[in-house]
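Novice: This is the structure I want to talk about, given as structure tokens.
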Amino acid sequence: MNDTEKKAIGLVELSSVAAGYLVADQMLKTADLRLLLNRTICSGKYMVLVAGDVANVRAGVEAGAQAAATYVIDSCIIPNVDPALFPALGGSVILQDHEALGLIESFSVASLIEAADTAVKTADVQLLEIRVAMALGGKAFARVCGPVSAVQAAVDAGAAVVEAKGLLVNKVVIPAPSPELYGETL
């Protein structure tokens, strides 16, 4: 599967490691998918992130969620995923602008990834990072930067996605942040 075939991503977040392996296997056997992340995360949770065309991602996520229904914490399917999500998940973003810094924090990885996708599609911001559940007690957060009004619009839109699921921890916009706050991304 090449990058042009990664039109969608899907994620299943589980409360059981064993169920995570079962879900990953079921997803991969059900549809033509590329496994992007398949790992434990803090608080004993597990996440399976896949990419493919929309129909295959939908089929894989549905099959995976059905295979371990009682262990599913959250899931998402994002058709036409914004390409900015991939480097942000991998921690390979180079900072371009820092007029304002915005953060969205969630109790679930799946809802945060949906929020980050919504944020970058809503306003002209740079997605700096998506940090998922490691050393965060199972939570996740995303950081965006850009002009203050764009960061505010992006954070508000992304946070609304998480809030609709009842999983929003916090959202913050910091105009003219101290340069040291970007230390992890420079």
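The values are calculated or read from the model by the stated rules, or taken from the named source; none is laboratory data. Quick caveat: nothing in here was measured; it's all calculated off a predicted structure. Methodologically, a virtual Cβ is constructed for each residue, glycine included, from the backbone with ideal geometry; neighbour enumeration extends over all protein chains shown.
Novice: With L101, L89, L95 as the choices, which residue is outside any strand (DSSP E or B), touching a helix residue (DSSP H, G or I) at 6+ places or on another chain (Cβ under 7 Å) and under 30 Å from L181 (Cα atoms)?
Specialist: One residue alone meets the criteria, L95.
Novice: Looking at the stretch 7-64, which of its residues are free of Cβ contacts under 8 Å to residues at least 24 places away in the same chain and either assigned by TED's automatic domain parsing to the domain that holds F107 or not in a helix (DSSP H, G or I) (or both)?
Specialist: L35, N38, R39, T40
Novice: Which of the residues spanning the stretch 157-182 are assigned to a helix (DSSP H, G or I), modelled with pLDDT of 95 or more and surrounded by 15 or more Cβ atoms within 10 Å (Cβ to Cβ)? Show your work before the answer.
Specialist: First, pick out the residues of the stretch 157-182 that are assigned to a helix (DSSP H, G or I): 157-164, 179-182.
From the residues that got through so far, the ones that are modelled with pLDDT of 95 or more too are 157-164.
Result: A157, G158, A159, A160, V161, V162, E163.
Novice: So, in the stretch 108-123, of the ones that are over 8 Å from the mean Cα position of the chain (by Cα) and modelled with pLDDT of 95 or more, which residue ends up nearest to V93 (Cα to Cα)?
Specialist: Filtering first and then ranking leaves V120.
Novice: Right, something else. Can you list residue pairs whose Cβ atoms sit under 8 Å apart, with the first residue in the stretch 88-105 being at pLDDT 90 or above and the second being charged (D, E, K, R) and surrounded by 12 or more Cβ atoms within 10 Å (Cβ to Cβ)? Count only pairs 6 or more apart in sequence or on different chains.
Specialist: These pairs meet every condition: L101/R143; G102/R143; G102/K171; L103/R143; L103/K171; I104/K171; E105/K139; E105/K171.
Novice: If C76 satisfies every condition in (1) touching a residue at least 60 places away in the same chain (Cβ under 8 Å); (2) more than 24 Å from P175 (Cα to Cα); (3) surrounded by fewer than 22 Cβ atoms within 10 Å (Cβ to Cβ) but one, which is the exception?
Specialist: The single condition C76 does not satisfy is (3).
Novice: Next up: Considering the stretch 104-124 alone, what residues qualify as being of a type outside the set (D, E, K, R) and in a helix (DSSP H, G or I)?
Specialist: The answer is V109, A110, S111, L112, I113, A115, A116, T118, A119, V120, T122.
Novice: Pick out the one residue from E105, E99 that is surrounded by fewer than 15 Cβ atoms within 10 Å (Cβ to Cβ), under 30 Å from V172 (Cβ atoms) and assigned by TED's automatic domain parsing to the domain that holds N170.
Specialist: E99
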